[in-house]
Amino acid sequence: MIKTLLAQVKEFRLVAILTPVCMLGEVICEMIIPILMGRIVDYGVMAGNVEFIIRTGAVMIVVALLGLTAGILGGFFAAKAGAGLARNLRKAMFDNIQTFSFLNIDHFSTSSLVTRLTTDVTNIQTAFMMTLRMAMRAPSTMIVAMVMSVIISPRLASIYFIAVAFLAVFMVVMMRTTTRYFKQVFERYDLMNESVQENVSAIRVVKAYVREDYENKKFRNAAEQIYEMFIRAELRIVSISPVMMGVVYSCILLISWFGANMIVSDTLTTGNLMSLLTYCMNILMSLMMLSMIFIMITMSEASARRIAEVIDEKSSLTNPENPVMEVPDGSIRFEHVDFSYDPEASEPVLKDIDLEIRAGESIGIIGGTGSAKSSLVNLISRLYDVTKGRILVGGIDVREYDLDVLRRQVAVVLQKNVLFSGTIYENLRWGDENATDEECRRACVLACAHEFIEKMPEGYNTYIEQGGTNVSGGQKQRLCIARALLRKPRILILDDSTSAVDTATDAKIRKAFAEEIPDTTRLIISQRISSVQSCDRIIVMENGRVNGFGSHEELLAGNRIYREVYESQTGEGADADFDRLT
Ligand SMILES: Nc1ncnc2c1ncn2[C@@H]1O[C@H](COP(=O)(O)OP(=O)(O)OP(=O)(O)O)[C@@H](O)[C@H]1O
Ligand SMILES: [Mg+2]
C-alpha cells in the first residue's frame, strides 16, 4: 500500500524533501531567538547598554525574517507536494478505472469509487501536507530546545525530561483509544456516503415511492452515529489539552521557582531563565504537534488503503500480446460456452451454449427475465470473459483481438444504456468521433430518431442533461441505437433496446436495418415476439440454456415455449408469459 502511494509522490520528491529542510530552517531561527532575547536581558537591559540592545534587536529581526521566509517556503512546498500527490492519486485511480472490466466494476460499487476519488484523496492530501510540515518540525524543535536548555542549565532542564516522559506516556494511552474511535468513524462515514449517493442518484424513484421520510430517517441515523463517534473521539483529544496545560504551567512554576533561587545564588542569569521558559513552551507545543500528526496518520490510513485498492486492482480483461487488429466478418460461433459472474458459484449462469451464427444474419433472442439473454450477448464484445469453452467472431477467438478493435466492430446497445450530458451531436459522436453531420442524421433516420430530434427547438444541438433526463425513455433508446449505428459495426446487438418504443416504430427500425445494413449481423433481444419474428433465426433462452434455435415457423411448429408465448402475445391464451411457463 505504502509503495503504491509513494510511487505517486515521485514527481514531487524534491519539494517533499525541501519542505522539512525549510521547516528545519524555521526551527533553527526560532530557537536562536530565545537566546538573543536572553542576551538582550542579561547584557543590554541589566547592563543598561542601549547600543547592544539595538544591535541584538536588529539581528533578532533578521533571524525572525529568515525564519518567516523558511516557514512560508516550507508551507508552499508542502502545499505543492500535497496537491501534486492528490492530483497524481486521482489520475492514477481514474486511469486504472478506465481499464476496469465489468467484473471489476461489479467488485467496487460506483458510489465507493466516487468517494475514493474525492473524500479519501482529500484526507491523504491534508495528512501528507501536515506530516511534511510537522514531522520534521516537531521533533527537531523538541530536540534543539532540549539541547539548548541542557546547555543553559542541566539541573532545570531535568524538569522537562520528567514532564515530557509523563506526557508521552499519557498521550500514547489516549491515542490508542482515540484511534479506535476514528477507525469506526471512517467505516460509518463510508456507509453514509454510500447511502447518500444511492439516494441522490435515485431521487426520482425515492420521490415516486414517497420514501423521503424513510430515507431521511435512515440518513439521520447514519449522521447521528457519526456525530456521536466523533464526539467521543474528540472528547479524548480535547482532554489532552488541560492535562497538557497543567503540565506546562507546572513546569513554568517549577522553573521560575528553582530559577529564581538560582538567580539569587548567582548560578543563573535572568536572561537564561527567560530563554528556558520559552523553550519550555516550545517543547510541549511540539509534543502536541506530534500527537496531531499521529492522529492525522491514523485518520488517513483507511483512506490510503481504499485508494491503493483501486490503483492496484488489475483489470480482469487484458489485451493479448500480439492482438489481431481486424475483424474479418460478422460471424459468431459459441463453442460449448459456460459462464458465471462469480467463479465460486455452484451453477453457471450460461450452460453449454453451442451456436453458429452466419455473417449478416439477423438473430432474435427471446426468453424470460433472468434467462441470461444479456449475459449471452455481453460475452461477444468481451464485456466479460467466458468461464469455459470459447467464442469466435469472424472465426477468431474474441480473446485474440485487440479489445478496442473488437468493441468497435461489435456495437452493443446495452439494456441499461445511458446518454451523457452534451448536445445530441456530441452524444452521437461517441459512436464515431469523426462522423459528419450528414452521417449523424442518416443514423438517426435509420433509428427513427430523426423525426423527434427535428421537432426539438434546437434540433441536433439540443442539450441532453446528465443521464438523459430531458428525453423520454423511447427517445433515449432510439438515440442509443443511432449512436451504435454510427460505429458501422460488423455486429450490432440490441439488448431490449426498443422496449420503450411503440410497435409501429419498432417495425420501422427493423425494416430500415434490413434494407440499409443487410451485411451487419444483428442480434435483437426482446420480450416481444413481434420484434423478433421477422429475424432469420430466433434463439429461445431458458434458464441459461438454449431451448430452441430456428426460424419463426420452425419454432412455432416445434418449440413449446415459443408457441405458447406467441399465442399469448397474439391474443390466444392471453395470460401466458415467460415466467409462468418456465
Ligand atoms: N453483473 C452481474 N453480477 C452477478 N450476477 C449477475 C449480473 N448480471 C446478471 N446476473 C445474474 O445472471 C442471471 C442472468 O441475468 P441476465 O441479465 O443475463 O438475464 P436477462 O435474460 O438479460 O434478463 P432480462 O430479460 O430481465 O434482461 C440472473 O440470474 C442475474 O441474477
Ligand atoms: Mg437482460
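Looking at the structure I just gave you, is Asp95 within 16 Å of ligand 2 (Cβ to nearest atom), open to solvent by 60 Å² or more (accessible area, probe 1.4 Å) and assigned to a helix (DSSP H, G or I)? For Asp95, the condition - within 16 Å of ligand 2 (Cβ to nearest atom), open to solvent by 60 Å² or more (accessible area, probe 1.4 Å) and assigned to a helix (DSSP H, G or I) - is not met. Here Glu465, Glu451, Glu433 are screened, and the one residue that is modelled with pLDDT of 90 or more and either open to solvent by 60 Å² or more (accessible area, probe 1.4 Å) or more than 16 Å from ligand 2 (Cβ to nearest atom) (or both) is Glu451.
Of the residues making up region 357-381, those that are more than 10 Å from ligand 1 (Cβ to nearest atom) and surrounded by fewer than 20 Cβ atoms within 10 Å (Cβ to Cβ) number 4.
Which of the residues spanning region 186-211 are within 21 Å of Met299 (Cα to Cα) and either open to solvent by 50 Å² or more (accessible area, probe 1.4 Å) or part of a loop (DSSP other than H, G, I, E, B) (or both)? Within region 186-211, Glu187, Arg188, Tyr189, Leu191, Glu194 qualify.
Has region 99-111 got any residue that is in contact with a helix residue (DSSP H, G or I) (Cβ under 6 Å, 6 or more places away or on another chain), away from ligand 2 (no atom under 16 Å from the Cβ) and at pLDDT below 90? Yes, some residue in region 99-111 is in contact with a helix residue (DSSP H, G or I) (Cβ under 6 Å, 6 or more places away or on another chain), away from ligand 2 (no atom under 16 Å from the Cβ) and at pLDDT below 90. Is it the case, given these coordinates, that Ile28 is modelled with pLDDT under 90, part of a helix (DSSP H, G or I) and open to solvent by 50 Å² or more (accessible area, probe 1.4 Å)? So Ile28 fits the description; yes. Here Leu287 passes the criteria (1) over 24 Å from the mean Cα position of the chain (by Cα); (2) more than 21 Å from Phe161 (Cβ to Cβ) except the one numbered (2).
Screening the candidates Tyr460, Tyr384, Tyr401 for the property of being among the aromatic types (Phe, Trp, Tyr), within 16 Å of ligand 1 (Cβ to nearest atom) and open to solvent by less than 30 Å² (accessible area, probe 1.4 Å) yields one hit, Tyr384.
The set of residues in region 501-529 being open to solvent by 50 Å² or more (accessible area, probe 1.4 Å), more than 18 Å from Gln415 (Cβ to Cβ) and either within 16 Å of ligand 1 (Cβ to nearest atom) or out of contact with any Cys (no Cβ under 9 Å at 6 or more places or on another chain) (or both) consists of Asp502, Thr503, Ala504, Lys511, Ala514, Glu515, Glu516, Pro518, Asp519. Taking the criterion of being under 13 Å from Leu156 (Cβ atoms) and of a type in the set (A, V, I, L, M, F, W, C), the residues of region 264-285 that qualify are Leu268, Leu273, Met274, Leu276, Leu277, Cys280, Ile283.
Taking the criterion of being touching an Asp or Glu at 6+ places or on another chain (Cβ under 7 Å), open to solvent by 30 Å² or more (accessible area, probe 1.4 Å) and of a type in the set (A, V, I, L, M, F, W, C), the residues of region 408-428 that qualify are Val412, Leu414. Inside region 478-498, can you point out the residues that are within 16 Å of ligand 1 (Cβ to nearest atom), modelled with pLDDT under 90 and surrounded by fewer than 24 Cβ atoms within 10 Å (Cβ to Cβ)? Residue satisfying the conditions is Asp496 alone.
When the residues of region 361-393 are narrowed to those that are under 12 Å from Tyr341 (Cα atoms), part of a loop (DSSP other than H, G, I, E, B) and not β-branched (Val, Ile, Thr), which ends up farthest from ligand 2 (Cβ to nearest atom)? Filtering region 361-393 for residues that are under 12 Å from Tyr341 (Cα atoms), part of a loop (DSSP other than H, G, I, E, B) and not β-branched (Val, Ile, Thr), the one farthest from ligand 2 (Cβ to nearest atom) comes out as Asp385.
Of the residues making up region 52-66, none is at negative phi, among the aromatic types (Phe, Trp, Tyr) and in contact (Cβ under 8 Å) with a residue 60 or more places away in the chain. For region 523-541, a tally of residues being charged (D, E, K, R) and within 16 Å of ligand 2 (Cβ to nearest atom) returns 1. When every residue of region 337-360 is checked against the conditions, at least one turns out to be polar (S, T, N, Q) and not in a helix (DSSP H, G or I). Tell me, which residue of region 387-398 that is more than 29 Å from the chain's Cα centre (by Cα) and β-branched (Val, Ile, Thr) is surrounded by the most Cβ atoms within 10 Å (Cβ to Cβ)? Of everything passing the filter in region 387-398, Val393 is surrounded by the most Cβ atoms within 10 Å (Cβ to Cβ).
Regarding region 69-86, can at least one residue be identified that is on the phi < 0 side of the Ramachandran plot, surrounded by 14 or more Cβ atoms within 10 Å (Cβ to Cβ) and under 13 Å from the mean Cα position of the chain (by Cα)? The answer is yes; a qualifying residue exists.
The values are calculated or read from the model by the stated rules, or taken from the named source; none is laboratory data. Just so you know, these numbers come straight off a predicted model, no measurement behind them. Every residue, glycine as well, gets a Cβ built from its backbone with ideal geometry; the counts of neighbours run over all protein chains shown. Ligands, DNA and RNA are excluded from the accessible area calculation, which covers all protein heavy atoms including side chains. Shrake-Rupley method; radii C 1.70, N 1.55, O 1.52, S 1.80 Å.
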